[in-house]
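Right, one structure below, let's go through it.
Bear in mind these aren't lab numbers, they're just calculated from the coordinates by the rules spelled out. This is a predicted model, so every value here is computed, not measured. In this analysis, Cβ positions are derived from the backbone assuming ideal geometry, glycine residues included, and neighbour counts consider all displayed protein chains.
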Amino acid sequence: MFYLKVACIAVGGLLCALRSAEAADERPNILFIMSDDHAYQAMSCYGSRVNETPNLDRIAQEGMRFDRCFVTNSICGPARAVILTGKYSHLNGFVRNGNRFNGAQQNVAKLLQQAGYQTAVIGKWHLGSDPTGFDDWHILVGQGPYYNPPMKTPGGIVQHTGYTTDVITDETLGWLQEKRDESQPFFLVYQHKAPHRNWQPGPKYLNKYDNIQIPEPATLFDDYAGRGSAAKSQEMTIARHLNPHDLKLTDQRASFTEEQLAAWQQAYGEKNKTFESAGLEGDALTRWKYQRFVKDYLRCIDSVDENVGRVLDYLDESGLAENTIVIYTSDQGWYLGEHGWYDKRWMYEESFRTPLIVRWPGKVAAGTSTDKMVMNLDFAETFLDIAGAEVPKDMQGHSLVPILREEQTPEWRRSVYYHYYEFPGPHAVQKHYGVRTERYKLIRFYEIDEWELFDLEKDPHELRSVYTDPAYAKIATDLKQELERLRDQYQDDGQIVDFEAQRAKQVKLQLAAAFDFGALDAAVRKQGTIVDGWQGKAVRLDGKQTAAIVPTGEKLDPTYKPLTVGGWIYPAGDGVIAAQGGAGLGYSLFVHDDTLQFSMRQQGQLRTLSGPRIPQRDWSHVAAVLDAEGVVSFRVNGQAEGPSAAWGFIPSRPADNLSIGADSGSLVGPYETPAGFHGLLEDIRVYWGVLDAASLREWSTP
Ligand SMILES: [Ca+2]
C-alpha cells in the first residue's frame, strides 16, 4: 500500500487508477449481514438463555464479539441511514421511519464503488428511495412480507415464492455464484427482514419450542415506578399492546400458497386450541402472550441462523472465506420481555445496544471480544478503512479496524451520544437524547422536560433513576456537561438537515406556463369568451368552463420547487384561477367567499390557506407564492398580504394537468366540483421560483 500511495502522489491520476485496479484483488471482500430487530439476548454467543444460534456463533468463535455496540437512534430506517452515511440522523436527514432517504448524498457504497469495489444489496432496504451506490440491488418493497415477497430491482418487480429469509439467501448465493466480478473485491450487503414484527416463522420451524417453556426475563412485570412519565406512557407492553395478529389469533394467510397454508393451519390450529381452553387472564395471560411472542420470534431467528450458515458454507466451499470479512449485526436491539416490553426505540440498554460480531481470517484473532464502546456510526468508516479508501472528514464515527486488530486505542471514545425522534408515533415513546459512559446513563426527554439518570453498575436493569438523588448531584452535573460537549461535537443543535429545502434553493427562476388569452395556442385554449380585459385580452367564464389546459410534463414538474402562481382577475363569484394536479399531489389557487385561497396536496394530504379578501367586480392582481423555505404566502397588487404557512414542497410530479379557470380531472382543493371561475381572467402565469420585487411589479402594475 505504501508504494501505491507514493505512485499516486508522484505521477497522478492515470497511474494511480491503473495501480488500484492491479492491486484490487488483494483487498478483502466485505460481507455485511444485518437482520432486523435481532436482540443480542437471543444469540448464544452473547449468552442467550432462550435459544441457540450455532451458525452466528461461528462468526464470533472465529472472530471478535463486540459487547458494547450502540446505535445512535434505535429504529429501523434511521439506523440503516446512519450505517450508509456514517452520520447522525439530523445530518443524513432520515430521523424517523416514513422519511425518505436522500440518495443523492454521499454514502459508503458510492465511496467503495469509486474505490474499485463491486457493490450489491440484497434483502431489506426500507429507506423509501431506491439504492444509490450499488451496482446490483434486489430489495424488499417497504417492510416486505414473510412469505412470497415481491422484490424490487433496477429492472422492475420480481415475484418470489417461498419463505422470505430463504429467498433473500438464495438471491445472495445466486449473486455470489453468478454476478460476482472476480477482478474486483466486493461489498455485499445481505439484509434480512426477520425477526421483525409480526414474527411469522418459516415452515420448517413452525413447531419448534412447542413443548418447552422459554425462561422469562427478570423485569417482565416492571411497574415503571422508578422512572419518569415516559416509561409509564409508552405503548409496547406484552400485557396490553400485542394484538391478535401478532399472536397469530387472526388470519395471516393473504399471500400463502396452499402448501404453506396447510402447514401454518396445522401448527397454529393446535396451538390456538390449547389457548382457547385455558381461559387465561391477568399475569397468567401476560405469561402466555410472552411465550407465544418469544417462540415465534426465536423461530424466525432459527431461519436467519440456518441461512447465514448456508452463506458461510458457500464462502468455505468457494475458497472466498479466507479473504472475506464477515460482519453480523442488527439494525438495533430489541426487548425480549425486559421491562414487560417488545419493540425498541429507547436508550435503555436492550434497544440501545445491538449485536456485532466480525470474522476476518488472519487479521482478527479467533474467539476474542471487546467492551470498547463502538457504534453503528463507525461501520461506514470501518468498511472504507478495510478497503484502503479515504474516510471523508464529514463522517462522524471511527474505523473499528484498530480494535479488531487489538491495537492499543487509548484515545477511543469514553461516551456515546443518542437521539431518538419518532414521537408522536407507533408505541408512543417520547423523543429523547442522552449520554452513556462506562458506568452512567443520563437521558433527557426534552419535549416533556424530564431527566433520568442510571447507575449501571448498581442498577444494570435500569429500574431506578437516581436523577434527583443528592448523592448523584455532581455526577448529573458532569454528565450534563458531557452531553453538551457531545451535542456540540456531533453538530446536533436541534436542526435536522432538509435536503428538500436545499434542492429548492437551487431552483433557478423559470416561467413554467403563461396564458395570454389574446394569443393562446389552440391546443391549450379551451372554453370561455375572449373579451377586452384590463390591459390586453381576458377570458370570461361563467363557472361552467375551463379556459385552458396544459398537459403535465417535464416543464410542468413542481417537485421540490418553489413556485409563484397568479395573474389578473375580475371576480363575479367564486372559482379556480389555476390548478395543477389532483387528489394526490398538486396545488390550486382559487377564490372562495370573496377571499383568495391556496391549497396544496402532498401525498394526498390536503392543506388550504385562506388569504386576503378580494373585491368583487373589480380588477386585482393576485398570486400565491411557495418560497424556497417551503412557506406559502399571498401577493395582492404586488404587495404581500394575509397569512403564511410552512408546508414544504410537493414531493413528486402530479399526473394531472394544469388547468386555468377550473380544476379539471381529479380535484386538488377542498371543493367537490371542478369549481369553475366566475368572472374574467387575464395574463395568468406559473413560475418555478419566486419573482423578485421588480418583476412582480412589472406583472402587477397596469
Ligand atoms: Ca429494526
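Just for the Cα atoms in the range 2-409, what are the lengths along the principal axes, largest first, rounded to whole Å?
80, 51, 39
Quick check on the range 485-612: what does the Kirkwood estimate of hydrodynamic radius come out to from the alpha carbon pairs, in Å?
17.4
Let me know the shape class of the range 81-205, please: from the alpha-carbon gyration tensor, a ≥ b ≥ c as square roots of the eigenvalues, rounded when a/c is under 1.5, otherwise prolate if a/b is greater than b/c, or oblate.
Oblate is the answer for the range 81-205, as a/c is 1.5 or above yet b/c matches or exceeds a/b.
Report P(r) for the range 501-576: all Cα-Cα distances, bin width 5 Å, range 0 to the bin holding the largest distance, values in whole percent.
For the range 501-576, the pair-distance distribution reads 3, 12, 21, 22, 16, 13, 9, 4, 1.
Can you give the % of DSSP beta bridges in the range 2-409 that are antiparallel, to the nearest 5?
Among the beta bridges of the range 2-409, antiparallel pairing accounts for roughly 35 percent.
Is the range 348-413 best put as rounded, prolate or oblate by its Cα gyration tensor, with a ≥ b ≥ c the root eigenvalues, rounded for a/c under 1.5, and otherwise prolate when a/b is larger than b/c, oblate when not?
Because a/c hits 1.5 or more and a/b fails to exceed b/c, the range 348-413 counts as oblate.
Find the lysine pairs in the range 501-700 meeting two conditions, Cα atoms under 14 Å apart and a separation of 8 or more places or different chains, and report how many there are.
4
Could you compute how fast the chain diffuses translationally, taking Rh as the Kirkwood radius over C-alpha pairs and applying Stokes-Einstein at 4 °C with viscosity 1.567 mPa s? Give it in µm² per second.
The diffusion coefficient I find is 45 µm²/s.
On a straight-distance basis, which lysines could pair with K204 in a cross-link, Cα separation under 25 angstrom, same-chain partners fewer than 8 positions away excluded?
Those lysines meeting the cut-off are K124, K193, K248, K271, K273, K289, K295.
If the range 464-554 were replaced by its equivalent ellipsoid, with semi-axes equal to the square roots of 5 times the Cα gyration tensor eigenvalues, what would those be, largest first, whole Å?
Equivalent ellipsoid of the range 464-554: 65, 17, 12 Å, largest first.
Once you charge only the Cβ atoms, +1 for Lys and Arg and -1 for Asp and Glu, what is the size of the charge dipole of the range 2-409 about its Cα centre, to the nearest 20 debye?
960
For the range 499-582, run through the chymotrypsin sites (Phe, Trp or Tyr not before Pro) and keep only the ones in DSSP coil with at most 14 other Cβ atoms within 10 Å of their Cβ.
none
Once the range 234-314 is represented by equal point scatterers at the alpha-carbon sites, with solvent omitted, what log10 I(q)/I(0) does the Debye formula produce at q = 0.13 Å⁻¹?
-0.54
Pairwise over distinct Cα atoms, reciprocal of the mean inverse distance: report the Kirkwood radius of the range 186-259 in Å, one decimal place.
16.3
Which GluC sites (Glu not before Pro) from the range 248-307 combine a DSSP loop assignment with at most 11 other Cβ atoms within 10 Å?
Those that pass, being in a loop and sparsely packed, are E281.
Once you compute Rg and the Kirkwood Rh from C-alpha atoms, what is the Rg to Rh ratio for the range 501-700?
0.92
Taking a ≥ b ≥ c as the square roots of the eigenvalues of the Cα gyration tensor of the range 390-503, is the shape rounded (a/c under 1.5), prolate (a/b larger than b/c) or oblate?
It is oblate, given that a/c is not under 1.5 and a/b is not larger than b/c.
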